[in-house]
Amino acid sequence: MKDYIVFLAQQHPAFRYAELETLADLHNIKVDLSSHDETIPFIIVQLENDEIAKKWLQRAVLAKGIYELWGVGSTEQQLHEDVKRRSSKKFPLYKNVTFKFDIIGYQGGKSNAEKIKMIENFSYVEFEGKIRMKNPEETFTVLEHYIPPSDHEAAKTPFKYYFGRQIELTQRTNGILEKYDLKKRRYIGTTTFEAELSLISCNLAQVDTGKIMYDPFAGTGSFLVAGSAFGALTVGSDIDGRMIRGKGNNTIKANFDQYGTSTLFMDVLTMDFTHNAFRKNMVIDTIVCDPPYGIREGLKVLGARNPERFVGKEDVEIDGKKAYLLKDYIPTKKPYELDSLLYDLLQFSSERLPIGGRLAFWMPTANDEYVPTLIPQHKNLELKYHLVQEFNKWSRRLLVYINRGGDFNGEDNRAATSLPEFRKKYFKVSQYK
Ligand SMILES: C[S@@+](CC[C@H](N)C(=O)[O-])C[C@H]1O[C@@H](n2cnc3c(N)ncnc32)[C@H](O)[C@@H]1O
């Protein structure tokens with residue numbers, strides 16, 4: 001086993017551990033993450049080799065890079081002593097490679113002159129290969145962790161230094177967030193989910209190449225394009241045909257074209273999730289979604305609010321054809337409870353996902369009453385993560401479940417949530433929008 005240092009993103013730190021763990025699990029990699037600390041953007045881990053390190057973090061959104069660790073120190077002097085102690089045996093291996101140095105500061109940094117001086121202080125390593133700023137064989141990196149004394153003051157010297165050989169820069173560093181930035185996306189709407197958390201959701205759901213991902217509330221297709229970024233074949237549905245059709249040339253399909261993933265777009269169809277028309281044996285490996293929860297997203301299902309008003313209406317004919325069989329017929333819809341819909345989603349996932357398949361969805365929760373939130377649970381599904389994103393007056397959670405099948409016998413709280421009081425408190429969230 002070798003030591004590696006991971007440079008983490010300080011965005012959404014509450015989601016970071018889950019992403020690191022999930023990607024390790026996806027690739028069957030054993031890694032001890034117990035030293036992870038949400039306030040620190042570095043973690044030292046032990047892994048078998050560089051190939052495993054690469055595989056683990058290549059598609060990470062909340063990590064920036066992974067480096068073979070050559071030394072650590074609280075001062076530059078300590079860093080050099082540690083590099084000589086731990087890594088002097090490695091020096092000859094890299095004597096003749098083309099190389100460059102990077103010096104990366106977190107919450108602080110050095111001037112170019114200071115950087116050059118720092119690089120010169122590594123002369124004892126005796127690299128004799130050519131320096132190449134573009135495509136060198138090896139990149140040696142100093143990671144500096146600064147801690148500013150206050151919001152208005154910069155730290156003068158780092159609190160810690162790490163030195164390592166770059167193994168892999170993640171998709172985050174390689175520009176995935178810029179590529180999927182909503183400002184540049186052809187088709188977006190009021191419900192479009194931000195790119196970074198869409199990609200993180202797909203990572204936590206273990207969306208992967210060759211798997212089929214389904215979003216039952218696809219809207220403008222945010223999760224579908226994110227899923228295709230990780231190689232999944234994607235299919236979506238939504239009760240509102242206008243959303244998935246888009247406007248003119250601005251469509252979900254156009255977004256896939258924009259990202260060069262159109263071969264991974266199966267289709268989107270207009271469908272009420274609670275009257276799901278997919279045949280029972282259609283393969284769905286992963287479900288990622290953002291169910292409707294407010295006025296804007298319009299939680300509706302097929303049916304009539306006052307069914308008595310429709311008695312006999314099924315016989316209405318236009319030009320000799322039953323009205324409800326015409327192409328432009330707009331079926332009536334009625335409101336539905338969010339909790340019922342979420343349990344429908346859990347039930348559907350338990351029936352359709354393979355054992356080990358994941359469901360990831362976002363659930364809004366009120367947070368100004370200091371009451372513990374009840375998370376919907378199904379007896380076949382293990383609740384793997386519930387991760388909170390806080391806003392001013394409300395919060396939302398990313399819930400990730402794994403289908404464990406009929407023998408799992410987990411907690412099931414559907415009955416508890418059908419109490420009227422519960423519904424009022426936990427599911428009436430549109431007021432926070
Ligand atoms: C929060 S939005 C999802 C937005 C989507 N993630 C996007 O990228 O735009 C919820 C979506 O659920 C749809 N919806 C509401 N009730 C539905 C139902 N019964 N079946 C399927 N979709 C439904 C709404 O039309 C809306 O597009």
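The values are calculated or read from the model by the stated rules, or taken from the named source; none is laboratory data. Keep in mind that what you see is a predicted model, and the values were worked out from it rather than measured. Neighbour counts run over all protein chains shown; Cβ positions are idealised from the backbone, glycine included. Surface areas here come from the heavy atoms of the whole protein model, side chains and all, with no ligands, DNA or RNA. Shrake-Rupley method; radii C 1.70, N 1.55, O 1.52, S 1.80 Å.
Among the residues of the stretch 254-265, none is identified as of a type in the set (Phe, Trp, Tyr) and open to solvent by 60 Å² or more (accessible area, probe 1.4 Å).
Consider the stretch 295-336 and keep the residues that are open to solvent by 80 Å² or more (accessible area, probe 1.4 Å) and acidic (Asp, Glu). The one that is nearest to the ligand (Cβ to nearest atom) is ASP328. Go through the stretch 236-253 and count every residue that is open to solvent by 10 Å² or more (accessible area, probe 1.4 Å), in a helix (DSSP H, G or I) and in contact (Cβ under 8 Å) with a residue 40 or more places away in the chain. Summing the residues that are open to solvent by 10 Å² or more (accessible area, probe 1.4 Å), in a helix (DSSP H, G or I) and in contact (Cβ under 8 Å) with a residue 40 or more places away in the chain in the stretch 236-253 gives 1.
Among the residues here, ILE176 qualifies as open to solvent by less than 40 Å² (accessible area, probe 1.4 Å), away from the ligand (no atom under 16 Å from the Cβ) and of a type in the set (A, V, I, L, M, F, W, C). Taking the criterion of being more than 12 Å from the ligand (Cβ to nearest atom), open to solvent by 40 Å² or more (accessible area, probe 1.4 Å) and not hydrophobic (A, V, I, L, M, F, W, C), the residues of the stretch 266-294 that qualify are ASP267, ARG279, LYS280, ASN281.
Taking the numbered list (1) among the small types (Gly, Ala, Ser); (2) over 14 Å from THR192 (Cα atoms); (3) surrounded by 22 or more Cβ atoms within 10 Å (Cβ to Cβ); (4) within 11 Å of the ligand (Cβ to nearest atom) in turn, GLY227 passes all entries but (4). So, of the residues in the stretch 127-156 that are of a type in the set (Gly, Ala, Ser) and farther than 18 Å from ILE104 by Cα, which turns out to be modelled with the highest pLDDT? That would be GLY129. Taken across the stretch 155-163, residues that are more than 16 Å from the ligand (Cβ to nearest atom), surrounded by fewer than 21 Cβ atoms within 10 Å (Cβ to Cβ) and within 30 Å of VAL97 (Cα to Cα) do occur, with at least one present. Only one entry in ALA24, ALA60 is assigned by TED's automatic domain parsing to the domain that holds PRO158, outside any loop (DSSP other than H, G, I, E, B), modelled with pLDDT of 95 or more and surrounded by 15 or more Cβ atoms within 10 Å (Cβ to Cβ), namely ALA24.
Tallying residues that are open to solvent by less than 100 Å² (accessible area, probe 1.4 Å) and acidic (Asp, Glu) within the stretch 105-137 yields 1.
All of LEU353, LEU346 fail the test of being surrounded by 14 or more Cβ atoms within 10 Å (Cβ to Cβ), more than 28 Å from THR190 (Cβ to Cβ), modelled with pLDDT of 80 or more and in contact with a strand residue (DSSP E or B) (Cβ under 7 Å, 6 or more places away or on another chain), apart from LEU353.
Residue by residue, here is whether (1) in contact with a Leu (Cβ under 6 Å, 6 or more places away or on another chain); (2) more than 19 Å from TYR146 (Cβ to Cβ); (3) hydrophobic (A, V, I, L, M, F, W, C) holds:
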| position | (1), (2), (3) |
| --- | --- |
| ALA14 | yes, yes, yes |
| SER34 | no, yes, no |
| ASP37 | no, no, no |
| LYS54 | no, yes, no |
| LEU62 | no, yes, yes |
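Determine, yes or no, whether LEU197 is within 13 Å of the ligand (Cβ to nearest atom), in contact with a His (Cβ under 9 Å, 6 or more places away or on another chain) and not acidic (Asp, Glu). So LEU197 passes the test. Whether a residue is under 25 Å from the mean Cα position of the chain (by Cα), among the aliphatic types (A, V, I, L, M), surrounded by 13 or more Cβ atoms within 10 Å (Cβ to Cβ) and under 23 Å from MET271 (Cα atoms) was assessed, and LEU387 does not pass this test.
Just one residue in the set GLY221, GLY236 is at pLDDT 95 or above, over 22 Å from ILE402 (Cα atoms) and near the ligand (Cβ under 9 Å from one of its atoms); that residue is GLY221.
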